[in-house]
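Comments concern the structure below.
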Amino acid sequence: MASSNSPVIQWLVDTRHLWPQAAKTKDLEQAAPRALALLTPEERAGVLKYFFVRDAKMSLASHLLKHYVLARTLGIPWSATKLTRDANKKPIYVGADGRQPCQFNVSHQAGLVALVATSSKGAKAVEDAADVGVDVVCVSERRDRDQRMVRDEGWDYFVDMHSDVFGRGETAYLKSREFSAEASASVSASGSGPTTSEKVADAKLRRFYALWCLREAYVKMTGEALLAPWLGDLNFVKVRAPEPVTAEGGAFQQGADGTGEVITAHEVTFEGDKADNANICLRSLGPDYMLGTAVRTPKDKEVGLGWHLGAFEVIDIETIVQFVEADGGA
């Protein structure tokens with residue numbers, strides 16, 4: 001679940017090819033009855049309300065991962081993994097003693113569902129020690145729309161469309177000549193043939209989504225949302241996107257996440273001062289995905305900074321179902 005020197009759990013579920021017989025959301029009731037049966041009535045109803053089956057499958061996997069990490073790490077029955085929400089509407093688990101012995105965060109996009117968690121059954125609850133955040137992005141999911149907007153309206157217009165979720169320094173950098181030059185240089189260095197405006201736009205978009213992924217993971221780690229009032233004061237400096245993995249080398253198989261390049265050195269500032277209290281990791285997954293993880297230990301930052309954020313463990317839904325059924329059901 002976690003590396004030998006780290007209590008951080010990182011799990012990944014790929015829902016893209018799950019339950020192929022489910023052409024519509026309602027079909028999941030016949031295609032995935034055992035998985036749906038593990039959810040509460042409210043969770044099950046929420047899953048089945050999604051219009052697109054791809055979104056319903058990610059929601060189902062997200063619910064299962066949250067209950068699974070509680071049951072596995074805390075050693076409690078599946079029926080005891082009741083979730084509630086904090087003041088920011090973030091899903092949490094509160095034990096009988098009023099503490100949160102397992103901190104977790106989930107993200108999903110384009111079929112992938114990622115969970116990052118830390119947990120402890122000891123007297124010192126993890127809520128006193130660690131915060132976690134995770135985000136997954138897919139650079140190709142909206143590529144046609146993004147390329148069209150960049151081509152028709154210009155790169156600066158595209159950046160301005162999203163400026164409310166970026167730091168002021170980040171927005172300026174994304175629109176700078178330096179950023180454009182770096183994107184062009186990366187295309188030239190790739191050996192993919194002539195440098196075209198479309199290739200440069202792809203390079204810019206990959207960096208754009210890398211920054212988005214890092215910010216989302218960091219902000220989720222703090223427990224707040226992307227509309228937090230201090231967002232403009234938080235800046236990741238000169239973000240570089242990890243190189244993609246070829247399709248052959250980027251398969252998501254049981255126990256292996258297809259990780260490509262991993263970037264762990266990030267310069268972050270808040271209100272102009274260096275912010276170095278978070279352990280932040282950005283990795284490429286396959287040719288199109290990136291995963292960002294952010295972890296901090298507020299009482300002693302060096303503890304969290306020393307944790308190794310390794311590869312994600314790919315979890316199969318059937319593994320979760322069998323785990324619950326072997327323990328006597330939900």
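The values are calculated or read from the model by the stated rules, or taken from the named source; none is laboratory data. Remember, it's a predicted structure, so these values are computed and weren't measured experimentally. No Cβ is skipped: glycine too gets one built from the backbone with ideal geometry, and neighbour counts run over all protein chains shown.
Listed values, structure above:
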item	result
Yes/no for Arg296 being within 15 Å of Thr118 (Cβ to Cβ) and surrounded by 15 or more Cβ atoms within 10 Å (Cβ to Cβ)	yes
Top-ranked residue in the range 236-263 [being at pLDDT 85 or above and acidic (Asp, Glu); ranked as nearest to Glu313 (Cα to Cα)]	Glu261
One residue from Ala31, Ala56, Ala35 being touching a Phe, Trp or Tyr at 6+ places or on another chain (Cβ under 9 Å), under 21 Å from Val137 (Cα atoms) and in the same structural domain as Ile317 (by TED's automatic domain parsing)	Ala56
Candidate set from the range 102-129 (those that are assigned to a loop (DSSP other than H, G, I, E, B) and modelled with pLDDT of 90 or more); member that is surrounded by the most Cβ atoms within 10 Å (Cβ to Cβ)	Gly111
Tally of residues being touching a strand residue (DSSP E or B) at 6+ places or on another chain (Cβ under 9 Å), not in a helix (DSSP H, G or I) and not acidic (Asp, Glu) across the range 141-173	2
The range 228-243, residues that are in contact (Cβ under 8 Å) with a residue 60 or more places away in the chain and either surrounded by fewer than 21 Cβ atoms within 10 Å (Cβ to Cβ) or over 21 Å from Lys175 (Cα atoms) (or both)	Leu231, Gly232, Asp233, Val237, Lys238
For Ser79: the one exception among (1) touching a residue at least 24 places away in the same chain (Cβ under 8 Å); (2) under 21 Å from the mean Cα position of the chain (by Cα); (3) in a helix (DSSP H, G or I)	(2)
Val13 being more than 17 Å from Asp316 (Cα to Cα) and either of a type in the set (A, V, I, L, M, F, W, C) or crowded, with 18+ Cβ neighbours inside 10 Å (or both)	no
Filtered residues of the range 11-37 (kept if free of Cβ contacts under 8 Å to residues at least 12 places away in the same chain and either in a loop (DSSP other than H, G, I, E, B) or closer than 12 Å to Leu60 by Cβ (or both))	His17, Pro20, Gln21, Pro33
Selection status of Leu65, modelled with pLDDT of 95 or more, crowded, with 17+ Cβ neighbours inside 10 Å and either in contact with a Leu (Cβ under 6 Å, 6 or more places away or on another chain) or part of a strand (DSSP E or B) (or both)	yes
Where Lys66 falls short, out of the listed (1) of a type outside the set (Val, Ile, Thr); (2) farther than 17 Å from Val324 by Cα; (3) in contact with a Pro (Cβ under 9 Å, 6 or more places away or on another chain)	(2)
Hits in the range 189-200 - residues which are exposed (fewer than 15 other Cβ atoms within 10 Å of the Cβ) and farther than 14 Å from Gln147 by Cβ	Ala189, Ser190, Gly191, Ser192, Gly193, Pro194
